[in-house]
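The values are calculated or read from the model by the stated rules, or taken from the named source; none is laboratory data. Owing to the predicted nature of the structure, the values given are computational and were not obtained by experimental measurement. No Cβ is skipped: glycine too gets one built from the backbone with ideal geometry, and neighbour counts run over all protein chains shown. For accessibility, only protein heavy atoms count, side chains too; no ligands or nucleic acids. Shrake-Rupley method; radii C 1.70, N 1.55, O 1.52, S 1.80 Å.
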Amino acid sequence: MVEQWCIRVPVQRGEEFRLALIEEGVLDLSLKVRRDGALLLLPVTEEREEAVRDNFEPLPERLVLPRHELVGGIAIMQDNNPADAAKILSSRPSLHTVLYAAGVVSGEHRTREFKVLAGLPTTRTDVIEYGHRFAVDLSTAYFSARLSSERQRILSQMENHETVLDMFAGVGPFAITLATRAELVVASDINPHAILLMLANLAQNRTKNVLPALADAHRLPSEIPFRFDRIIMNLPLSGTAFLPDAFRLCKPGGMIHFYSLVSKEGEHSRIISRLGGVTAGERIVRSYSPVEWHAVYDIAVGTHDG
């Protein structure tokens, strides 16, 4: 045990005080917070007017790992550092490979180049997400694990038996997730490697109400003879060009979820309004750079001619 200054607060207000002390920079993060009856003892790094001395259990020293993103059994680093990659691999038993992202997502197939830094020489992995399993190959088809909460958010908004179109479906994570509530999901992508992985994912998740389509999204309005209750548009770098197609494919009263890289709030409001939509919500999905972020527009579609 270690003796340290601490403040004693009611348990029901413990989180409030803990966050305030962190913001002040005085919470001693090396020691474990302790409960004493109806009070919580928060260790602090300096003597304060209300502080008393007490004993605390030290926390195990935390290994600080280099920055990385996890996708199934793969860690993706932004730095080409094999030594750091080995450290990440040894610290996480669930990992089999550490990759360096040698390029950015590009091309109509939305692929990027990777270099293996540690572990097995592969870009393939399985991702478990809310009870679904997705086979992924990061070098041949787009996949973002960071959108898992978005998939659940949209699922929670759906009514039973909706018809859904995913215009840029990739390996099928949105399509398979939303299929649990939808009547039919049409999952389109221009990348044949993505469609092959999607077919495998549909089989292993036993999903039977998703129709895969290898297609250019610009051609969908002329190839699909009906409209949809809900449309997913996850093409952040160039999706704006496909918005008119989405409006033609959406039923009056339907919803479009449009993901885009933006640098200001309301960046796409004018074109959405011009096409006959109303922005029902705009939210940040994740940061992209100091001046840009991925946003999602939830667009309510009004009466329109197709």
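Quick check: is even one residue across the stretch 211-220 part of a helix (DSSP H, G or I), within 24 Å of S139 (Cβ to Cβ) and in contact with a strand residue (DSSP E or B) (Cβ under 9 Å, 6 or more places away or on another chain)?
Yes, the stretch 211-220 contains at least one residue that is part of a helix (DSSP H, G or I), within 24 Å of S139 (Cβ to Cβ) and in contact with a strand residue (DSSP E or B) (Cβ under 9 Å, 6 or more places away or on another chain).
If you scan the stretch 1-17, which residues turn out to be open to solvent by less than 60 Å² (accessible area, probe 1.4 Å) and over 23 Å from E61 (Cβ atoms)?
I7, V9, P10, V11, G14
Give just the number: which of (1) open to solvent by less than 70 Å² (accessible area, probe 1.4 Å); (2) more than 30 Å from W5 (Cβ to Cβ); (3) in contact with a strand residue (DSSP E or B) (Cβ under 6 Å, 6 or more places away or on another chain) does P58 not satisfy?
Answer for P58: the failing condition is (2).
Of all strands (runs of 3 or more DSSP E) completely enclosed by the stretch 1-79, which ones contain at least 1 residues that are among the small types (G, A, S) and touching a helix residue (DSSP H, G or I) at 6+ places or on another chain (Cβ under 8 Å)?
Output list reads 74-77.
Regarding the stretch 276-284, can at least one residue be identified that is modelled with pLDDT under 95, under 27 Å from V104 (Cβ atoms), surrounded by fewer than 18 Cβ atoms within 10 Å (Cβ to Cβ) and not charged (D, E, K, R)?
yes
Take the conditions outside any helix (DSSP H, G or I), open to solvent by 40 Å² or more (accessible area, probe 1.4 Å) and in contact with an Asp or Glu (Cβ under 8 Å, 6 or more places away or on another chain) and apply them to R206. Does it pass?
Against the criterion (outside any helix (DSSP H, G or I), open to solvent by 40 Å² or more (accessible area, probe 1.4 Å) and in contact with an Asp or Glu (Cβ under 8 Å, 6 or more places away or on another chain)), R206 does not qualify.
If you check R67, R48, R53, R110, which single one turns out to be open to solvent by less than 40 Å² (accessible area, probe 1.4 Å) and basic (K, R)?
On inspection, the qualifying residue turns out to be R110.
Quickly run through the stretch 18-35 and pick out the residues that are open to solvent by 70 Å² or more (accessible area, probe 1.4 Å) and more than 25 Å from S91 (Cα to Cα).
R18, L19, I22, E23, E24, R34, R35
What residue, of S149, S90, S94, is without any contact (Cβ under 8 Å) to a residue 24 or more places away in the chain, part of a loop (DSSP other than H, G, I, E, B) and exposed (fewer than 14 other Cβ atoms within 10 Å of the Cβ)?
S94
I'd like the residue in the stretch 30-79 that is modelled with pLDDT under 85 and among the hydrophobic types (A, V, I, L, M, F, W, C) and, out of all such residues, is farthest from A101 (Cα to Cα).
Out of the qualifying residues, it is L63.
Suppose we filter the stretch 172-203 for residues that are in a strand (DSSP E or B) and either within 13 Å of I232 (Cβ to Cβ) or within 21 Å of the chain's Cα centre (by Cα) (or both); how many remain?
Result for the stretch 172-203: 5.
Got a sec? Which of V26, V33, V104, V64 is out of contact with any Leu (no Cβ under 8 Å at 6 or more places or on another chain) and within 17 Å of W5 (Cβ to Cβ)?
Just one listed residue meets the conditions, V26.
(1) open to solvent by less than 50 Å² (accessible area, probe 1.4 Å); (2) farther than 21 Å from A135 by Cβ; (3) free of Cβ contacts under 8 Å to residues at least 40 places away in the same chain: which one isn't true of A187, the others all being true?
Condition not satisfied by A187: (2).
Say whether the condition of being among the β-branched types (V, I, T), in contact with a Phe, Trp or Tyr (Cβ under 9 Å, 6 or more places away or on another chain), in a loop (DSSP other than H, G, I, E, B) and open to solvent by 10 Å² or more (accessible area, probe 1.4 Å) is met by at least one residue in the stretch 113-136.
The answer is yes; a qualifying residue exists.
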